[in-house]
Amino acid sequence: KEHVTLRDSLSKLNNIRLDANDYYSIKENERIDLFAQLNKESEAQQKTNQFMKLIAILAIALISILSLLSLSLYKNNIIRTQSNKLLQDKNSELEMAKEKAEKASQARADFLSTVSHELRTPLNAINGITHLLIEENPKESQIHYLNSLKFSGNYLLTFINEILEINRIESNNIEVENIDFNLKDLLLNIKDSLQELAKVNNNNFVLEIDEKVPNAVISDPTKLSQIFINLINNALKFTKNGDVKVLVELFGINENVATIHFEVIDTGIGIAPEKQQTIFDSFSQGSIEINRKYGGTGLGLAIVKKLVDLLGGSITLQSELNKGSSFYFDLEMKVSTRKFDLEKEIELEIPLDYNEEILANKHVLIVEDNKINQMITKKMVEKKGMLTSIIDNGEDAVEAIRSENNFDLILMDVHLPGINGTIATKEIRKFNKKIPVIALTAISLNENRDILLSFGMNDVVTKPFDPVNFYNVIAKVLSKSKSIA
């Protein structure tokens, strides 16, 4: 039934005829639809074109940026290469300059060491002969000249020692010891040893030590002694009818490390403001007039500054012309738990009171190549009742000890023709470990007491000999040898 209805409807539609208006209406609608479709397609094409332009612009911009970056990197690479080459050239120049400076410094150090060392040999003759002449009851008219000669020799020796010391410090050929010692005893001993100098200029010399300062500390007593002896010597020398004070204060203790303040104050001539910046330089003094009037080498304060620096401190100066000076520094020292015997500590600082019988009739072998030194050493030894034999080289000394073995003591010069004194001593110790050996040396830059003792020597005496020290060392070594035997 439904099929029949649909067929009828289609038949009716087919029978309907479209007039002209309907036709034109349909065509217009079709044209409008086509136009609308073309507009949509045109808009889509415009959007596509705009997107493509944007992409093209972005691509061009990206390519431009990449090109600029590449160019920049290229230029930077060229600049870096040039800079690296320039730096390499500059580094090479600096290394060459450094090597030249080091060579110049080493040449200066070697020169000063050699000169200082070589000066000791004739100076030993001057001081030794002067001592022998003074001991042999000279005429009264000659005593003044001999004392002047002795003073000049000692002054020259001090100068040589200070040159050698500053040279050793600057060449870094010096080590800081850390040993237990009694700080208060050290300062008291220094004060006692300089009291006579204080009397010369009529100075009131006092030492004030804070009660809280620990007695026993761990540091380098030798270098600390050098610092104070130089500072106090200067203070006493440049002060007349005035006061010299040494202050020692405890600033605090933290984790068993004490911070101690040291200060040397005087009421002497003072230092001009324009000279205070250079006063710690080598060979620097307040003025030529001061050097002429008071003497001195101009090395004392330079040594002090370098030693204070080595101990970890920094020295400061405050001074006013004609009113006095103050030198002060702080040092950190570990507190020691060791107990010290005051009397024994002081005993080490005073001349050894030996019995002449210790020296009498002892047979001493003098190993020395310099004829003048042979004569001086022989005279000084025989003056105390000892017997002497002389050998001028290390090889013969070794053979003499090996074959004769009737010597009580060897005085061994370090610098000998052939094998030197250290090697000779080392050879002797291979077959004779008991005979005492004392090194005689005009000590040079690369020598020190510990190095010489490491070869088997029992003690060291430095040329030129100080007669009191010379006899003390001999007596001490012979006493120890006798007690061991």
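What residue, among those in segment 361-387 that are of a type in the set (A, V, I, L, M) and over 20 Å from R429 (Cα atoms), is surrounded by the most Cβ atoms within 10 Å (Cβ to Cβ)?
Looking at residues that are of a type in the set (A, V, I, L, M) and over 20 Å from R429 (Cα atoms), I get I376.
Restricting attention to segment 402-440, which residues are open to solvent by 60 Å² or more (accessible area, probe 1.4 Å), within 35 Å of the chain's Cα centre (by Cα) and hydrophobic (A, V, I, L, M, F, W, C)?
I423
This table checks each residue for (1) assigned to a strand (DSSP E or B); (2) in contact with a strand residue (DSSP E or B) (Cβ under 7 Å, 6 or more places away or on another chain); (3) within 15 Å of I232 (Cα to Cα).
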site: K184; (1), (2), (3): no, yes, no
site: N189; (1), (2), (3): no, no, yes
site: K199; (1), (2), (3): no, no, yes
site: F205; (1), (2), (3): yes, yes, yes
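Could you please tell me which pairs satisfy a Cβ distance under 9 Å, a separation of 6+ or placement on different chains, a first residue in segment 214-226 that is among the basic types (K, R), and a second residue that is open to solvent by 20 Å² or more (accessible area, probe 1.4 Å)?
Matching pairs, first to second residue: K223/I174; K223/V176; K223/E177; K223/L310; K223/L311.
So for segment 184-192 (the condition being at pLDDT below 85, closer than 24 Å to L317 by Cα and in contact with a helix residue (DSSP H, G or I) (Cβ under 7 Å, 6 or more places away or on another chain)), does at least one residue qualify?
yes
One residue is enough: does segment 372-380 have a residue meeting the conditions assigned to a loop (DSSP other than H, G, I, E, B) and at pLDDT below 90?
Just the residues of segment 372-380 that are assigned to a loop (DSSP other than H, G, I, E, B), to begin with: none.
No, segment 372-380 has no match at all.
Going by the conditions given, is S336 more than 20 Å from V468 (Cβ to Cβ), at pLDDT below 85, open to solvent by less than 20 Å² (accessible area, probe 1.4 Å) and not β-branched (V, I, T)?
Yes; evaluated as a whole, the condition is true for this residue.
Looking at S113, is it crowded, with 18+ Cβ neighbours inside 10 Å, at pLDDT below 75 and among the small types (G, A, S)?
On the way: crowded, with 18+ Cβ neighbours inside 10 Å: yes; at pLDDT below 75: yes; among the small types (G, A, S): yes.
Criteria met by S113.
State whether one or more residues within segment 388-397 are in a loop (DSSP other than H, G, I, E, B), at negative phi, surrounded by fewer than 20 Cβ atoms within 10 Å (Cβ to Cβ) and without any contact (Cβ under 8 Å) to a residue 12 or more places away in the chain.
Checked segment 388-397: no residue is in a loop (DSSP other than H, G, I, E, B), at negative phi, surrounded by fewer than 20 Cβ atoms within 10 Å (Cβ to Cβ) and without any contact (Cβ under 8 Å) to a residue 12 or more places away in the chain.
Report yes if R168 is surrounded by 13 or more Cβ atoms within 10 Å (Cβ to Cβ), of a type in the set (K, R), at pLDDT below 75 and under 17 Å from P467 (Cβ atoms), otherwise no. Explain how you work it out, then say what you get.
Working: surrounded by 13 or more Cβ atoms within 10 Å (Cβ to Cβ): yes; of a type in the set (K, R): yes; at pLDDT below 75: yes; under 17 Å from P467 (Cβ atoms): no.
It is false that R168 is surrounded by 13 or more Cβ atoms within 10 Å (Cβ to Cβ), of a type in the set (K, R), at pLDDT below 75 and under 17 Å from P467 (Cβ atoms).
Do the conditions hold for L119, that is, is it in a helix (DSSP H, G or I) and modelled with pLDDT of 80 or more?
In short, no.
Which residues, counting only those in segment 243-257, are touching a Lys or Arg at 6+ places or on another chain (Cβ under 9 Å), touching a residue at least 40 places away in the same chain (Cβ under 8 Å) and either surrounded by 14 or more Cβ atoms within 10 Å (Cβ to Cβ) or part of a strand (DSSP E or B) (or both)?
Quick first cut of segment 243-257, residues touching a Lys or Arg at 6+ places or on another chain (Cβ under 9 Å) only: 246, 248-250, 253, 256-257.
If we keep only those that are touching a residue at least 40 places away in the same chain (Cβ under 8 Å) as well, we get 246, 248, 250, 253, 256-257.
Correct list: V246, V248, L250, I253, V257.
Kindly evaluate K323 against the criterion of being within 30 Å of D180 (Cα to Cα), out of contact with any Lys or Arg (no Cβ under 9 Å at 6 or more places or on another chain), open to solvent by 50 Å² or more (accessible area, probe 1.4 Å) and touching a residue at least 12 places away in the same chain (Cβ under 8 Å). Give the steps one after another, and end with the answer.
On the way: within 30 Å of D180 (Cα to Cα): no; out of contact with any Lys or Arg (no Cβ under 9 Å at 6 or more places or on another chain): yes; open to solvent by 50 Å² or more (accessible area, probe 1.4 Å): yes; touching a residue at least 12 places away in the same chain (Cβ under 8 Å): yes.
For K323, the condition - within 30 Å of D180 (Cα to Cα), out of contact with any Lys or Arg (no Cβ under 9 Å at 6 or more places or on another chain), open to solvent by 50 Å² or more (accessible area, probe 1.4 Å) and touching a residue at least 12 places away in the same chain (Cβ under 8 Å) - is not met.
Give the residues of segment 343-366 that are of a type outside the set (S, T, Y), outside any strand (DSSP E or B) and at pLDDT 50 or above, sorted by residue number. Please lay out each step first, then the result.
Taking segment 343-366 as the starting set, the residues that turn out to be of a type outside the set (S, T, Y) are 343-353, 355-366.
Within this subset, residues satisfying the condition of being outside any strand (DSSP E or B) are 343-353, 355-362.
Correct list: D353, N355, E356, E357, I358, L359, A360, N361, K362.
Being at pLDDT 85 or above, part of a loop (DSSP other than H, G, I, E, B) and more than 27 Å from R449 (Cβ to Cβ) is the requirement here; does K240 meet it?
Against the criterion (at pLDDT 85 or above, part of a loop (DSSP other than H, G, I, E, B) and more than 27 Å from R449 (Cβ to Cβ)), K240 qualifies.
The values are calculated or read from the model by the stated rules, or taken from the named source; none is laboratory data. Because the structure is predicted, anything quoted here is derived from the model rather than measured. Every residue, glycine as well, gets a Cβ built from its backbone with ideal geometry; the counts of neighbours run over all protein chains shown. Just the protein is used for accessible areas: all its heavy atoms, side chains included, with ligands, DNA and RNA removed. Shrake-Rupley method; radii C 1.70, N 1.55, O 1.52, S 1.80 Å.
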